[in-house]
Amino acid sequence: MTPEKLADAGLRLAQDGPVVTITLDRPEVRNAQTPAMWRALAEVGAGLGDEVRVVVLRGAGQSFSAGLDRSMLDPSGGAGGADGAETVASLLALSDEEMSETIDAYQRGFTFLRDPRFVSVAAVQGYAIGAGLQLALSCDLRIATTDAQLCMKEAALGLVPDLTGTKPLVEAVGYARALEICATARMVGADEAVAIGLVQAAVPAGRLDEAVAELVTALTAPMPGAVRETKALLQGAADRNLDEQRRLEREAQTRRFREVAALARQ
């Protein structure tokens, strides 16, 4: 995507060698999200090359993302918002099948972050609410500032989390805690988020960039294939029995031995 198209969708993209940084760039509305942003994220994800090893996702300004732009829920705007922009309210004009297909397209703006070719890191400052928390949960790892506030807000609007956040939330904190967080739509502070496994670390706001940079350096230090194979093994481990996981470990290790040996002969 061109920088102009990204800007129209409220995004910025930068690449430094094997590290891609995606910035939600609507600080005037605390990086509230729109369907256009979700579709653009999906397009960005589809365009990432095999050289990418780490994707960092962050928000401009004081917040990661305050969630869905509430204007997107206003049914008075009809099928489109300002300048005919796609809105969430426009889903009401669709059949059930069409609505499901449209939400599937939105979800692709989140699922690409789970690609085993790279490790994704969310740098969470300020608010990560609703779709904002789901976007952070789509990343493999999350570092938050000590003043961060996280919330799965959908239930308070009569909705459910539908942007792929439910599975990683359960994986991170367990079923009972995930249900409590979603059903009450309460705020989770940074200290609690670390304690329950929702984020991996919390640092002072002034240290967020440094902490992310340190993590990126550590993630790019091993051979790319080792990290990719390990991520793929861990992603599906909970859904496999031991024999299946053992088989996949053997196959992955065989590939690693072959590549390491080939490099040593060069």
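The values are calculated or read from the model by the stated rules, or taken from the named source; none is laboratory data. No experiment lies behind these values; they were computed from the predicted model shown. A quick note on method: Cβ atoms are made from the backbone with ideal geometry, for glycine too, and the neighbour counts reach across all protein chains shown.
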Residue in the stretch 155-178 that is of a type in the set (Lys, Arg) and under 30 Å from Leu263 (Cβ atoms) present: no
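Quick grid of which residues meet (1) among the polar types (S, T, N, Q); (2) buried (at least 17 other Cβ atoms within 10 Å of the Cβ); (3) closer than 15 Å to Gly132 by Cβ; (4) outside the structural domain of Ser63 (by TED's automatic domain parsing):
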{"site": "Asp8", "(1), (2), (3), (4)": "no, no, no, no"}
{"site": "Leu11", "(1), (2), (3), (4)": "no, yes, yes, no"}
{"site": "Ala14", "(1), (2), (3), (4)": "no, no, no, no"}
{"site": "Val19", "(1), (2), (3), (4)": "no, yes, no, no"}
{"site": "Thr23", "(1), (2), (3), (4)": "yes, yes, yes, no"}
{"site": "Pro27", "(1), (2), (3), (4)": "no, no, yes, no"}
{"site": "Arg30", "(1), (2), (3), (4)": "no, yes, yes, no"}
{"site": "Met37", "(1), (2), (3), (4)": "no, yes, yes, no"}
Assuming Ala183 fulfils every condition listed in (1) in contact with a helix residue (DSSP H, G or I) (Cβ under 7 Å, 6 or more places away or on another chain); (2) of a type in the set (A, V, I, L, M); (3) within 23 Å of Val119 (Cα to Cα) apart from one, which condition is it? (3)
From the list Ala193, Ala185, which one is more than 20 Å from Val55 (Cβ to Cβ), in contact with a strand residue (DSSP E or B) (Cβ under 7 Å, 6 or more places away or on another chain), surrounded by 20 or more Cβ atoms within 10 Å (Cβ to Cβ) and at pLDDT 95 or above? Ala193
Residues satisfying the stated conditions in the stretch 44-62, i.e. over 25 Å from Glu210 (Cα atoms) and assigned to a loop (DSSP other than H, G, I, E, B): Gly47, Gly49, Asp50
Would you say Leu198 is touching a Ser or Thr at 6+ places or on another chain (Cβ under 8 Å) and at pLDDT 95 or above? no
Being loosely packed, with under 15 Cβ neighbours inside 10 Å and aliphatic (A, V, I, L, M) is true for just one of Ala252, Ala172, Ala205, Ala178. Which residue is that? Ala205
Residue count, the stretch 123-143 (criterion: hydrophobic (A, V, I, L, M, F, W, C) and either more than 23 Å from Arg70 (Cα to Cα) or out of contact with any Phe, Trp or Tyr (no Cβ under 7 Å at 6 or more places or on another chain) (or both)): 8
